[in-house]
Amino acid sequence: ASALDYELWLSLLYALLEGASEALGIRRDDLDGTLYRYRVGIAPALVLFDNVPGGAGHVRRIADELRAVFLTAWERVDQCECGEETSCYECLRNFRNQHYHDQLKRGLARDFLRSLLRAAGIATNGEA
């Protein structure tokens, strides 16, 4: 897998985590995720998990509200004013993912989420 692929999936993971936090009112520290690679050449799984002892049911809520989570994630990376080849604390970055800051690319997450939402028939940017 190329570095670009890894940057895409990592950026998408953090866009979804931020979108879920915002859309569902979940404290961002109570939710986390990771990439799980099955094998080389296949896109990794994005694994979201509750980051509280015993779990809090946040991931179940995300599963029940995927449309809102994906749309909010897209809005967050679409409306941010940082460069699309980078990211900032308003879109993808936080203290816990500082190890990945150089790999988080707002534009990759934005374009992927836009394509996904359009394929699902969900309008973006006021499209009918």
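The values are calculated or read from the model by the stated rules, or taken from the named source; none is laboratory data. Small disclaimer: the values here were computed from a predicted structure and weren't measured. Don't worry about glycine lacking a Cβ; one is built from the backbone with ideal geometry, like all the others, and counts go over all protein chains shown. Calculation scope for accessible area: heavy atoms of the full protein, side chains included, ligands and nucleic acids excluded. Shrake-Rupley method; radii C 1.70, N 1.55, O 1.52, S 1.80 Å.
When 38, 100 are checked against the criterion of being of a type outside the set (S, T, N, Q) and either touching a Phe, Trp or Tyr at 6+ places or on another chain (Cβ under 7 Å) or loosely packed, with under 12 Cβ neighbours inside 10 Å (or both), a single residue qualifies: 38. Residues in segment 81-128 that are over 21 Å from residue 43 (Cα atoms) and within 14 Å of the chain's Cα centre (by Cα): 87, 88, 89, 90, 91, 93, 94.
Quick one: is residue 114 part of a helix (DSSP H, G or I), open to solvent by less than 70 Å² (accessible area, probe 1.4 Å) and either touching a helix residue (DSSP H, G or I) at 6+ places or on another chain (Cβ under 9 Å) or of a type in the set (Phe, Trp, Tyr) (or both)? So residue 114 passes the test. Here residue 59 fits the description: in contact with a strand residue (DSSP E or B) (Cβ under 6 Å, 6 or more places away or on another chain) and either surrounded by 15 or more Cβ atoms within 10 Å (Cβ to Cβ) or touching a residue at least 60 places away in the same chain (Cβ under 8 Å) (or both). Of all residues in segment 15-34, those satisfying the criterion of being in a helix (DSSP H, G or I), buried (at least 18 other Cβ atoms within 10 Å of the Cβ) and over 9 Å from the mean Cα position of the chain (by Cα) are 21, 23. Residues of segment 62-80 that are over 12 Å from residue 122 (Cα atoms) and either in contact with a strand residue (DSSP E or B) (Cβ under 9 Å, 6 or more places away or on another chain) or among the small types (Gly, Ala, Ser) (or both): 62, 63, 73. Filtering 64, 5, 78, 32 for residues that are among the acidic types (Asp, Glu) and more than 21 Å from residue 103 (Cα to Cα) leaves a single hit, 64. Would you check if residue 76 is touching a helix residue (DSSP H, G or I) at 6+ places or on another chain (Cβ under 9 Å) and open to solvent by 80 Å² or more (accessible area, probe 1.4 Å)? Judged against the criteria, residue 76 is not a match. When only residues in segment 81-97 that are open to solvent by less than 20 Å² (accessible area, probe 1.4 Å) and hydrophobic (A, V, I, L, M, F, W, C) count, which is farthest from residue 35 (Cα to Cα)? Result: 91.
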